[in-house]
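Visitor: Take a look at the following structure, please.
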Amino acid sequence: MPPNRFLIEALLPLKELSKEARREKAIRHGHISTLHVWWARRPLVVARAAVLGALLTEEDGLDEKFIANLCRWEVHDGDPGGRYLLEQARTRIRNRYGRPPRVLDSFAGGGSIPLEALRLGAEAYAVEYNPVAYLVLKATLEYPQRYGHRLVQAVKTWGEWVLDRAREELAAFYPEADGETPIAYIWSRTIRCPNPACGAEIPLFRQFWLARKANKRVALKPLPDPVTRRVDFAIVEGRHMDFDPAQGTVSRGNAVCLVCNTSVRADYVKAEAQAGRMGHRLVAVVTTRGKGQGRNYPSSHLLGNRPSGACGGNARR
Ligand SMILES: [Zn+2]
């Protein structure tokens, strides 16, 4: 008789799980990933399948179809259909162990595995060395159980408290103009061209793309002026550009001056930086008309085109 294998060894519907995991990645509202950034966060549906598959065996009478149904984002205790499926899984687990089994995740990170273990009625233990992840785990696994609905209002109240104070302190750096609010400032590091006949400021860019999506392509186009020996910038959009934005001014530490085309060795770039002679310059501002309205790169906000140093260290216009 073949050995009684765990479901994780025998029958996980990998294709359906992969598809569902991809779908879950795009879900933001109500997802624990919005609590705090955590790297390498695992999709909940996959964690659920892994925990279930590690607790139950072929003998427990579940099939791939049931697992695929159970391991979907929409399945949770707040939904009657979802709760019905979860109850079936919990009953199987209880019947097998006679009590809630203990599930230990010794590298718990963002907490997907212990959260799903709890959902399946197990007793979850999470261990984590990183203090950020530790706090994420507390807020994911422990506080909702301990404080219940009171937590919702507390998070809202204190979240707004933080937001109000942040707005007060930072508003001056994000001045609204024509309905557009700046949300990011793009800076470039700069060095002086070592060519004695030139001495232009070289903005150090690996590439000039600002947005590179199928439906939105925006780039900074450098405009070197051989007379004034300055590099200014234009913002260009569209599918066809008359230059290659992927071609920056730095590659493997070596730089090139856009005014005189002198190649600058990495050693020189490094030495200038170490001597404290590396400058910086604000070259573009990213703005938005509001949440969900996308990012804009208005030319009117193009701040790079002014004498070098004018923007030094201060993002205000
Ligand atoms: Zn030069």
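Visitor: Considering only residues of the stretch 236-264 that are of a type in the set (A, V, I, L, M) and either farther than 27 Å from P298 by Cβ or in contact with a Leu (Cβ under 6 Å, 6 or more places away or on another chain) (or both), which is farthest from the ligand (Cβ to nearest atom)? Before the answer, list the steps.
Guide: Going through the stretch 236-264, the residues of a type in the set (A, V, I, L, M) turn out to be 236, 241, 246, 250, 255-256, 258-259, 264.
Filter again for either farther than 27 Å from P298 by Cβ or in contact with a Leu (Cβ under 6 Å, 6 or more places away or on another chain) (or both), leaving 250, 255-256, 264.
Working: V250: 14, A255: 10, V256: 9, V264: 8 Å.
Among them, the one singled out is V250.
Matching residues to (1) exposed (fewer than 12 other Cβ atoms within 10 Å of the Cβ); (2) under 29 Å from the mean Cα position of the chain (by Cα); (3) touching a residue at least 40 places away in the same chain (Cβ under 8 Å):
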{"residue": "E16", "(1), (2), (3)": "no, yes, yes"}
{"residue": "E24", "(1), (2), (3)": "no, yes, yes"}
{"residue": "T57", "(1), (2), (3)": "no, no, yes"}
{"residue": "G61", "(1), (2), (3)": "yes, no, no"}
{"residue": "A68", "(1), (2), (3)": "no, yes, yes"}
{"residue": "E87", "(1), (2), (3)": "no, no, no"}
{"residue": "R94", "(1), (2), (3)": "no, no, no"}
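Visitor: Another one. Having 2 or more residues that are away from the ligand (no atom under 16 Å from the Cβ) and within 30 Å of R230 (Cα to Cα) is the bar; report the strands (runs of 3 or more DSSP E) wholly within the stretch 115-208 that clear it.
Guide: Values: elements: 123-126, 181-192, 201-204.
Per the criteria, 181-192.
Visitor: Still on this model: Can you tell me which condition G78 does not meet? The list is (1) within 23 Å of A108 (Cα to Cα); (2) part of a loop (DSSP other than H, G, I, E, B), and all the others hold.
Guide: Result: G78 fails condition (1) only.
Visitor: Please state which one of E237, E169 is outside the structural domain of A126 (by TED's automatic domain parsing) and in contact (Cβ under 8 Å) with a residue 60 or more places away in the chain.
Guide: Details: E169 fails: in contact (Cβ under 8 Å) with a residue 60 or more places away in the chain.
The match here is E237.
Visitor: Related question: Hey, any hits in the stretch 33-45 for a residue that's in contact with a strand residue (DSSP E or B) (Cβ under 6 Å, 6 or more places away or on another chain) and more than 16 Å from E116 (Cα to Cα)?
Guide: Step one: list which residues in the stretch 33-45 are in contact with a strand residue (DSSP E or B) (Cβ under 6 Å, 6 or more places away or on another chain), which gives none.
Looking through the stretch 33-45, none of the residues is in contact with a strand residue (DSSP E or B) (Cβ under 6 Å, 6 or more places away or on another chain) and more than 16 Å from E116 (Cα to Cα).
Visitor: Kindly indicate whether T228 is within 16 Å of the ligand (Cβ to nearest atom) and surrounded by 14 or more Cβ atoms within 10 Å (Cβ to Cβ). Outline the logic, then answer.
Guide: Values: within 16 Å of the ligand (Cβ to nearest atom): yes; surrounded by 14 or more Cβ atoms within 10 Å (Cβ to Cβ): no.
Answer is no for this residue.
The values are calculated or read from the model by the stated rules, or taken from the named source; none is laboratory data. Model, not experiment: these values are computed from the prediction. No Cβ is skipped: glycine too gets one built from the backbone with ideal geometry, and neighbour counts run over all protein chains shown.
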